[in-house]
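Student: Please find one structure pasted underneath; my questions will follow.
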Amino acid sequence: MPDRRGLLIILSSPSGAGKSTLTRRLRDWDPDISFSVSATTRTPRAGEVDGTDYHFTSKADFAAQVAAGQMLEHAQVFENSYGSPLGPVQAAIDAGRDVLFDIDWQGAQQIRNSVLAPHTLSVFLLPPSISELHRRLVSRGQDNDQVIAGRMAKSWDEISHWDAYDFVLVNDNLEATDERLKQIVSASRLRRSQQPDLTEHVRRLQAEYEDLK
């Protein structure tokens, strides 16, 4: 048995709050943290590898997995379904490996209501201000004005669910936020729910104590 159970780490934020950068830094800090590979019913794009980019599956198989409770979370995006298979995540956690999820509040809520809720760590990233959020989206140079306006319109819906998370970090300084996130993960790995040997250790202490009587 591993020394500890793995964590299911959820990172959520509005677009532009720094989630991608902090996710990359977290994995650089501990390369053993793996991304959850989602399942989808959409057709693979050129260069995508089944099992690496996505678990590609049929609509019938996807629906059957949902009905059997084999999806931690799932959502419909236009005509395609996306979800996180339970089996691989459960196996990783049982083996003491952490799994990282980059999902929105709806997916996070489903996971918090799942069988893996005791091993879940959820963190929400807030921007220092709405104007700074807009500035970051513009400065990335990746989207046109219409896309940026859409992301800004969606941002408040994401932010309004901040209080459903275990930890909330205001990303006003990348270095400081990065350090706080690592501290949160390190401390969460020591939670009682993550230490499978504690119960047996306490039993041994009790037996030793009884022998002293």
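The values are calculated or read from the model by the stated rules, or taken from the named source; none is laboratory data. In this text, all values refer to a predicted model and were calculated from it rather than measured experimentally. Cβ atoms come from the backbone with ideal geometry, glycine included; neighbour counts cover every protein chain shown.
Student: Pairs only if they're at least six apart or on different chains, beta carbon under 9 angstrom, first in the range 1-30 and assigned to a helix (DSSP H, G or I), second small (Gly, Ala, Ser); list them, first residue then second.
Tutor: Filtered contacts from the range 1-30: Lys19/Ser12; Lys19/Ser13; Leu22/Ser13; Arg27/Ser34.
Student: Counting only residues that are farther than 27 Å from Ile9 by Cβ and of a type in the set (A, V, I, L, M), give me the helices (runs of 4 or more DSSP H) lying completely in the range 124-213 with at least 1 of them.
Tutor: Qualifying helices (runs of 4 or more DSSP H): 130-140, 145-159, 198-212.
Student: How many residues does the range 71-105 hold that are of a type outside the set (A, V, I, L, M), without any contact (Cβ under 8 Å) to a residue 60 or more places away in the chain, surrounded by 15 or more Cβ atoms within 10 Å (Cβ to Cβ) and not in a strand (DSSP E or B)?
Tutor: So the count comes out to 2.
Student: Output the number of the condition that Glu48 fails; it satisfies all remaining conditions of (1) over 25 Å from Leu169 (Cα atoms); (2) assigned to a loop (DSSP other than H, G, I, E, B); (3) touching a helix residue (DSSP H, G or I) at 6+ places or on another chain (Cβ under 6 Å).
Tutor: (3)
Student: Looking at the range 104-147, which of the residues that are at pLDDT 90 or above and β-branched (Val, Ile, Thr) is nearest to Leu72 (Cα to Cα)?
Tutor: Step by step, filter the range 104-147, then rank; the result is Ile111.
Student: While we're on this one: Mind checking which residues of the range 132-183 are surrounded by 12 or more Cβ atoms within 10 Å (Cβ to Cβ), more than 23 Å from Leu26 (Cα to Cα) and aliphatic (A, V, I, L, M)?
Tutor: Those that are surrounded by 12 or more Cβ atoms within 10 Å (Cβ to Cβ), more than 23 Å from Leu26 (Cα to Cα) and aliphatic (A, V, I, L, M): Val138, Val147, Ile148, Ala149, Met152.
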